[in-house]
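Asker: My questions all concern the structure below.
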Amino acid sequence: MIISRTAATFPPPVMEARRWLDGITHPDDRPLINVSQAAPVDPPPQELRQAMADAALNNDDAHLYGPVLGLPELRSELARQTASHYAGKISAAQTCITAGCNQAFAAAIATLCTDGDEVILPTPWYFNHKMWLDMSGVRSVALPAGADMLPDPAQAAALITDKTRAIALVTPNNPTGVEYPADLLQAFFDLARQHGIALIVDETYRDFDSRSGPPHALFQDPDWQDTLIHLYSFSKAYRLTGHRVGAMIASEERLSEVEKFLDTVAICPGQMGQHAALWGMQNLKQWLAGEREEILARRAAITENLPKLTAKGWRLLGLGGYFAYMHHPFAQSSAQLAPALVKSASVLCLPGTMFYPEGTRDGDTQLRIAFANLDAAGISVLFDRLAALQAP
């Protein structure tokens, strides 16, 4: 039997979870709380939408194919702001724009791997990374995180073989929310360089990191480009999820290979989203700072409401970015508990089993709460509902 590339992996978890809602009616006094997906549901701010409308009406080029690696102005602005943020040195020629951050990861893997190669992923992992590796014929090598939800470079070193091409990290992490310390990222960078492999660092949620200043010093290394592949997304920062605008920062030599992939898959990133991202970077610094403060306030609300759950045996395993990663107290696996919550509590969240290799039990006691679309009052209601759950 011939097995296709797509048959090599599992169905999209968020889409699977949405199907749990089919046929379910929620009481008027208990509307659905959807904490399943880490994406803002509000539209971009009015002034950004106006800038997009102006570009659509007045910039004829915005409706044509653009450069494969993205608008030069956006690449330059991204290089400038990223270099400033990390106190490093980055050129526009070392940046490219992609149709979302997932495409940036896919492009990076295409430049690194062939059938039978290996990439090390900490678990719990971001499932779209795992899915792309499956469909690329690349083996995902699981690196279990510790009790603090942080991966161990020494354990990663023991997993490196002659087929290992990269280590892929996400910080602030999806699904756990944990912010990786700078010295941990440096240790992984040094490990990757020592073995001549790439370190992929996905910082989709960097705009909502609770720390001030550079979250790491990797870009301060004068030769960072020999090891580091940095991924970023404009989707969360400027509420542009539907416009699919991501980015990669890497060596010029790698981007010449990336160009082959991007030209074949999409020809160019969507023009309107790129113009929006550029306008946002140039004009919405204070607005974005306010968005960050709001996310940090919601993070604080998680902490404030946590005693409601700890009294019932729940534990908080990780918190940051858009996520609270929880340990539930029930004997039932999260794979059964999560869909049951839709009926019993009108809560849609993802089970930890979706973030681990099939057949492992590590995720049975874990749930991911994506809280970015809940204000403090909504978080309080969510925790009240979870605290009221009875053992099935």
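Asker: Heavy atoms only, probe 1.4 Å: what % of the accessible area of the chain goes to carbon and sulfur, would you let me know?
Answerer: Ligands and nucleic acids excluded, carbon and sulfur give 52 percent.
Asker: Separate question: From the cross-link list K130/K285; K163/K236; K308/K343; K312/K343, which pairs have alpha carbons spaced over 29 Å apart?
Answerer: Too far apart for the 29 Å limit: K130/K285; K163/K236.
Asker: Leaving out ligands, DNA and RNA but keeping every protein chain, what accessible area does I302 have, in Å² rounded to the nearest 10, with a 1.4 Å probe?
Answerer: Approximately 0 Å² for this residue.
Asker: Now for a different question. Quick one: Cα centre-to-centre distance for the range 14-54 and the range 164-223, in angstrom?
Answerer: The two parts, judged by their Cα centres, are 30 Å apart.
Asker: On to the next question. List the trypsin sites (Lys or Arg not before Pro) in the range 1-84 that DSSP assigns to loop (not H, G, I, E or B) and whose Cβ has at most 15 other Cβ atoms within 10 Å. Which are they?
Answerer: Of the trypsin sites (Lys or Arg not before Pro), the ones in loops of the range 1-84 whose Cβ has at most 15 other Cβ atoms within 10 Å are R5.
Asker: According to the square roots a ≥ b ≥ c of the eigenvalues of the Cα gyration tensor, what is the shape class of the range 168-317, taking rounded for a/c under 1.5, prolate for a/b larger than b/c otherwise, and oblate for the remainder?
Answerer: It is oblate, given that a/c is not under 1.5 and a/b is not larger than b/c.
Asker: Assuming a ≥ b ≥ c are the square roots of the Cα gyration tensor eigenvalues, decide whether the range 257-392 counts as rounded (a/c under 1.5), prolate (otherwise, with a/b larger than b/c) or oblate.
Answerer: Oblate.
Asker: Of N305, S210, V170, whose Cα points farthest to the positive end of the dipole of the range 164-320 (charges on the beta-carbon: +1 Lys, Arg; -1 Asp, Glu; origin at the Cα centre)?
Answerer: Going by the Cα projections, it comes out as N305.
Asker: Please give the per residue accessible area of the chain, computed with a probe of 1.4 Å over protein heavy atoms only, in Å².
Answerer: I get 42 Å² per residue for the chain.
Asker: What is the range 103-230 by shape, rounded, prolate or oblate, if you read a ≥ b ≥ c off the alpha carbon gyration tensor as root eigenvalues and call it rounded for a/c under 1.5, prolate for a/b larger than b/c, and oblate otherwise?
Answerer: Rounded, since a/c falls under 1.5.
Asker: Of the beta bridges DSSP finds with both residues in the chain, what % are antiparallel, to the nearest 5?
Answerer: Looking only at bridges with both residues in the chain, the antiparallel portion is about 50 percent.
Asker: Also: I'd like the distance between the alpha-carbon centres of the range 88-107 and the range 109-155, rounded to an integer number of Å.
Answerer: If we compute the Cα centre of each part, the gap is 20 Å.
Asker: So which trypsin sites (Lys or Arg not before Pro) in the range 329-392 are both in a DSSP loop and have at most 14 other Cβ atoms within 10 Å of their Cβ?
Answerer: Here the trypsin sites (Lys or Arg not before Pro) that fit, given the DSSP loop and packing criteria, are R361.
Asker: Convert 4 °C to kelvin, take the viscosity as 1.567 mPa s, use the Kirkwood radius over C-alpha pairs of the chain as Rh, and evaluate the Stokes-Einstein diffusion coefficient in µm²/s, rounded to a whole number.
Answerer: Taking Rh from Cα pairs, D becomes 60 µm²/s.
Asker: What distance in nm separates the simple spin-label points at E73 and A217, each placed 7 Å from Cα in the Cβ direction?
Answerer: Taking the simple label geometry, E73 and A217 are separated by 3.7 nm.
Asker: Just to be sure I understand the model, the point goes 7 Å from the Cα along the line to the Cβ. What's the resulting A39 to D263 distance in nm?
Answerer: Spacing of the two 7 Å Cα→Cβ label points: 3.0 nm.
Asker: As a test of reading the structure, rank D221, D226 by solvent-accessible area (1.4 Å probe, protein chains only), most first.
Answerer: D226, D221
The values are calculated or read from the model by the stated rules, or taken from the named source; none is laboratory data. Everything numeric here is computed off the predicted structure, so don't read it as measured data. Virtual Cβ from ideal backbone geometry, glycine too; neighbours counted across all protein chains shown. Calculation scope for accessible area: heavy atoms of the full protein, side chains included, ligands and nucleic acids excluded. Shrake-Rupley method; radii C 1.70, N 1.55, O 1.52, S 1.80 Å.
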